[in-house]
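Worksheet: the structure to be examined is printed underneath.
The values are calculated or read from the model by the stated rules, or taken from the named source; none is laboratory data. Source: prediction; values computed, not measured. Heads up: the accessible areas ignore ligands, DNA and RNA and are worked out on the full protein's heavy atoms, side chains in. Shrake-Rupley method; radii C 1.70, N 1.55, O 1.52, S 1.80 Å.
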Amino acid sequence: MWTDKDTIAILWGVEDVQTQATIRGLKLTKKECRQILEACLNCHDATLGLSWDILDHHIIVLFGDRIGKEAA
C-alpha cells in the first residue's frame, strides 16, 4: 500500500491475527488481538519484518497456554 510517492506501508490488523489464531484453535478477542499487534510492533526486527510466523510466535508467547483447551 502506497501512502505517498516516497513511502509504503504494509498493514496488519485484528482480522489477520484472528485468522492465524483460529488456525491454532484459539478464539481471541479484539483486545487480545491488539495485544498481539502491539507485541509485533514493540519487538519489530527490520531484518525479519512481519510475517505469519512472527504473528504465530507472539500468539504462542501471549496465549499459547490456551492452545488445545478451547473449542474452535
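Step by step: first the residues of region 46-56, then only those that are outside any loop (DSSP other than H, G, I, E, B) and of a type in the set (A, V, I, L, M, F, W, C), then the one that is least open to solvent (accessible area, probe 1.4 Å). Which residue is that? Steps first, answer last, please.
Just the residues of region 46-56 that are outside any loop (DSSP other than H, G, I, E, B), to begin with: 52-56.
Now narrow it down to the ones that are of a type in the set (A, V, I, L, M, F, W, C): 52, 54-55.
Working: 52: 110, 54: 41, 55: 0 Å².
Checking each candidate, the answer is 55.
In region 57-72, how many residues are open to solvent by 60 Å² or more (accessible area, probe 1.4 Å) and within 9 Å of the chain's Cα centre (by Cα)?
So the count comes out to 1.
Filtering region 1-22 down to residues that are assigned to a loop (DSSP other than H, G, I, E, B) and open to solvent by less than 60 Å² (accessible area, probe 1.4 Å), which residue is farthest from residue 53 (Cα to Cα)?
Residues of region 1-22 that are assigned to a loop (DSSP other than H, G, I, E, B), as a first pass: 1, 5-6, 9-13.
Next, from what is left, pick out any that are open to solvent by less than 60 Å² (accessible area, probe 1.4 Å): 9, 13.
Numbers: 9: 19, 13: 15 Å.
Result: 9.
Got a number for residues in region 23-45 being open to solvent by less than 100 Å² (accessible area, probe 1.4 Å), within 12 Å of the chain's Cα centre (by Cα) and charged (D, E, K, R)?
Of the residues in region 23-45, 1 are open to solvent by less than 100 Å² (accessible area, probe 1.4 Å), within 12 Å of the chain's Cα centre (by Cα) and charged (D, E, K, R).
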